[in-house]
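What follows is a set of notes on a single structure, which appears directly below.
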Amino acid sequence: MSSSDVAIRVNNVTKVYRLGVKEEVEDSLVSTFAKMIRSPIKNYKKYHSLYDFSDLDFDNPEANGASNILWALRDVSFDVKKGEVVGIIGRNGAGKSTLLKVLSRITPPARGSIEIRGRSSSLLEVGTGFHPELTGRENVYLNGTVLGMRKKEVDSRFDEIVEFSGVEKFLDTPVKRYSSGMVVRLAFSVAAHLEPEILIVDEVLAVGDTAFQEKCLSKMEDVGTSGKTVFFVSHNMAAITRLCERVIMLENGQIVADGPAREIVNEYMHGGARAMSERSWSDLRTAPGDEIARLRSVRIKGEDGRTTDLVDIRSAVAFEVTFEVIDGGYVLLPHFLLRNDEGLELFMTIDTDPKWRRKKRPKGIYISTVWVPGNYLSEGTHYVTTSMVALEPRSVALFDEDDIICFEVFDPMEGEVSRGDWMHSLPGAVRPMLKWETEFDGVAS
């Protein structure tokens, strides 16, 4: 990648924190006054010790042996092209927010370098850069100035910013009187509309209501498709795969995966390990469930009745669960939940077989099967959760095995499929074959 194509270059960035020590509590009034007198010198020494890392071996972190050292980032390196939309994912404490703060120059790295080519705007916390005593209007201009924009530039976008935020009535009210939702609306609107070349966004969108979150995601899509570079941190995997072409996954402050969004999200959700298309328990005592009923097996099967992990998009596929009722006399409700590889819940299906609906089941082994028709699911990996509850004479959850089995749906790109004559990728969590009717109404006069 040539230097002219690079918007952000991160080279061996390491961020270290030295954890503070617990303050000693004085046991007398005299000791307390003496401590107050010594405080300025003591606080300076303490501050210096917390931010001096000259004693650390950065090339061999394990050799340091200091229990009070937190390696928030370790030798992180990557390049981001201009116009690329990149997602950052990882568990809590992986280093995502620290990375964004370093990129935003809120905190410096302990080692390494960062090159940012272009004007950047960051939205890392609710109301970042907002002054509580200033009005919403004043804060819009303040943020524009911080971003290096002239008043004329802010004027040209001001009406769009206000309309998007939805806080018109409170525009001349001090921000300290805003609710957190109002603050995040205005903060995001400013960050997205003041035409930054690089937009850095943390999980602040979770603060807004559902409608506003959707509005923000749509705006970020627009920003991404307009050639701007976007960095986006979120625990919402559906939003990550919707917005991002590329995803970087962090773990313990290090990059453990970097690649296409769907591939990396799938690895993140399932630990890099594929679930199986069939699970069974030979020892009933260790099987999921309780004294009422236990799970014996669950599997994916194709139209030929065989267990499979690969399904033609045109073919029906079945989820089959086998369970044993140990204590008879309960109304039981087996059900399945299907998720795709973005973590999106597609549907839940509940046993509605009239033979057993609202009927108490005697002891014995049962096999329940549900069929999903062909030309309904979209391409990709699908994960099945199997669960069961007892309804009568008392309501109780018997087992709930999350993402226990999985299968892959593939499109052969031929025959009667819902894509018709379109040979490129199609969006959407499902892809049903729907009935179309078109009538020719003659030549227009």
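Brief remarks on what is shown
- Summed over region 78-121, the residues that are within 21 Å of the chain's Cα centre (by Cα) and basic (Lys, Arg) give a count of 3.
- Residues in region 319-361 that are aliphatic (A, V, I, L, M) and not in a loop (DSSP other than H, G, I, E, B): Val321, Val325, Val331, Leu332, Leu333, Leu337, Leu338, Leu346, Met348, Ile350.
- Considering residues of region 221-245 that are within 15 Å of the chain's Cα centre (by Cα) and among the aliphatic types (A, V, I, L, M) only, the residue modelled with the lowest pLDDT: Ala238
- Residue in region 306-318 that is modelled with pLDDT of 95 or more, in a strand (DSSP E or B) and polar (S, T, N, Q) present: no
- The one condition in (1) closer than 30 Å to Thr241 by Cα; (2) surrounded by fewer than 17 Cβ atoms within 10 Å (Cβ to Cβ); (3) in contact with a Gly (Cβ under 9 Å, 6 or more places away or on another chain) that Met348 fails to fulfil: (3)
- Restricting region 386-417 to residues that are farther than 11 Å from Val331 by Cα and of a type in the set (Val, Ile, Thr) leaves a set whose member that is modelled with the lowest pLDDT is Val417.
- If you go through region 104-132 and keep only what is out of contact with any Asp or Glu (no Cβ under 7 Å at 6 or more places or on another chain), in contact (Cβ under 8 Å) with a residue 12 or more places away in the chain and farther than 18 Å from Phe188 by Cβ, you end up with Thr107, Pro109, Ala110, Arg111, Gly112, Ser113, Ile114, Glu115, Ile116, Arg117.
- Only a single criterion out of (1) out of contact with any strand residue (DSSP E or B) (no Cβ under 7 Å at 6 or more places or on another chain); (2) crowded, with 16+ Cβ neighbours inside 10 Å is not satisfied by Met388, namely (1).
- Filter result (touching a Phe, Trp or Tyr at 6+ places or on another chain (Cβ under 8 Å) and within 24 Å of Ser280 (Cα to Cα)) within region 357-381: Arg361, Ile365, Tyr366, Ser368, Thr369, Val370, Val372, Thr381
The values are calculated or read from the model by the stated rules, or taken from the named source; none is laboratory data. Computed from a predicted structure; not experimentally measured. Backbone-built Cβ (ideal geometry, glycine too); neighbour counts: all protein chains shown.
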